[in-house]
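The values are calculated or read from the model by the stated rules, or taken from the named source; none is laboratory data. Keep in mind that this is a model prediction, so the values were computed, not measured. Neighbour counts are summed over all protein chains in view; Cβ atoms, including those assigned to glycine, are modelled from backbone coordinates with ideal geometry.
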Amino acid sequence: MSDDLEINVSLIAIGLLVVYHLIFLTVVRYKPLCTAIGRTNYMRAIWVEFVTTQQKDILAVQTVRNWTMAATFLASTSIVIGLGIVNFALTTGKSIGNTPYLSFISHDPPGIWHLKLLLLAFDFFFAFFNFTLTIRYYNHASFQLNIPLGIQSLQSIINVVKFGANYYTLGMRCYYISIPLSLWLFGGFWFLLGTLLLILVLYRLDRPFEELELPLRSPYGQFNETP
């Protein structure tokens with residue numbers, strides 16, 4: 001593949017990812033209940049009200065603990081993978097172009113190939129950052145859920161749980177994006193193919209799986225629209 005074609009195909013793949021997420025963020029902002037993220041945020045708000053008003057302390061702690069354990073595992077995995085990629089990129093040096101067992105992967109110059117590796121490592125580092133923020137917010141939520149509502153507002157608890165869930169979603173999205181970034185090592189066309197497949201999968205995951213009959217307004221004023 002020529003250098004110009006490689007660059008053009010890679011730019012198309014990056015552009016598709018950016019455009020999809022910009023459109024998705026716009027829908028989440030203005031029509032949240034039309035997305036899976038908006039629906040789950042709405043249900044989390046109802047769950048917070050249930051466990052706080054019905055004194056379900058054990059249920060709340062167990063649920064938050066499970067969320068924290070999942071985020072901890074994913075954070076540990078992402079930082080190990082990211083550091084492993086950085087170590088590989090630094091130890092290969094300038095001999096990557098002459099390495100027989102890697103020559104079939106890509107014909108990029110060593111500098112470009114290392115740049116792709118560093119972008120992949122940055123993706124996992126960003127995932128680690130988001131999962132650690134998830135753990136932070138869930139740790140706050142674990143004791144806020146057990147404090148009487150007279151001392152704090154219900155909306156403050158909902159916001160803490162929602163922030164933790166949103167950072168978890170960002171971390172998982174980094175894992176998804178790592179697939180086309182990994183395929184990019186094989187060439188631009190593989191990167192474009194992986195991007196197209198990922199967008200199709202994300203389009204299905206980002207939509208609600210079923211239509212739910214929701215009230216016109218959330219009891220907490222979080223959402224004002226129906227799907």
Tally, over region 167-180, of residues that are over 8 Å from the mean Cα position of the chain (by Cα) and surrounded by fewer than 17 Cβ atoms within 10 Å (Cβ to Cβ): 1
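Would you call Lys56 closer than 26 Å to Asn146 by Cα and modelled with pLDDT under 90?
So Lys56 fits the description; yes.
For residues that are among the aliphatic types (A, V, I, L, M), over 14 Å from Asn41 (Cα atoms) and assigned to a helix (DSSP H, G or I), tally how many sit in region 117-169.
Summing the residues that are among the aliphatic types (A, V, I, L, M), over 14 Å from Asn41 (Cα atoms) and assigned to a helix (DSSP H, G or I) in region 117-169 gives 10.
Among the residues of region 69-87, which ones are more than 14 Å from Phe129 (Cα to Cα) and either buried (at least 17 other Cβ atoms within 10 Å of the Cβ) or in contact with a helix residue (DSSP H, G or I) (Cβ under 7 Å, 6 or more places away or on another chain) (or both)? Please lay out each step first, then the result.
We begin by selecting, within region 69-87, every residue more than 14 Å from Phe129 (Cα to Cα); these are 69-70, 84-87.
If the condition is that a residue be more than 14 Å from Phe129 (Cα to Cα) and either buried (at least 17 other Cβ atoms within 10 Å of the Cβ) or in contact with a helix residue (DSSP H, G or I) (Cβ under 7 Å, 6 or more places away or on another chain) (or both), then Ile85, Val86 are the ones that fit.
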Any hit, region 200-212, residues being under 22 Å from Thr53 (Cβ atoms) and either modelled with pLDDT under 90 or out of contact with any helix residue (DSSP H, G or I) (no Cβ under 7 Å at 6 or more places or on another chain) (or both): yes
Among residues of region 124-166, those that are surrounded by fewer than 17 Cβ atoms within 10 Å (Cβ to Cβ) and over 30 Å from Val80 (Cβ atoms), counted: 11
Selection within region 22-42 - in contact (Cβ under 8 Å) with a residue 60 or more places away in the chain and under 18 Å from the mean Cα position of the chain (by Cα): Phe24, Pro32, Thr35, Ala36, Ile37, Gly38, Arg39, Thr40, Asn41
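State yes or no: is Glu49 buried (at least 16 other Cβ atoms within 10 Å of the Cβ) and over 28 Å from Val160 (Cβ atoms)?
No.
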Of all residues making up region 76-104, the number that are farther than 25 Å from Tyr175 by Cβ and either modelled with pLDDT of 70 or more or part of a helix (DSSP H, G or I) (or both): 6
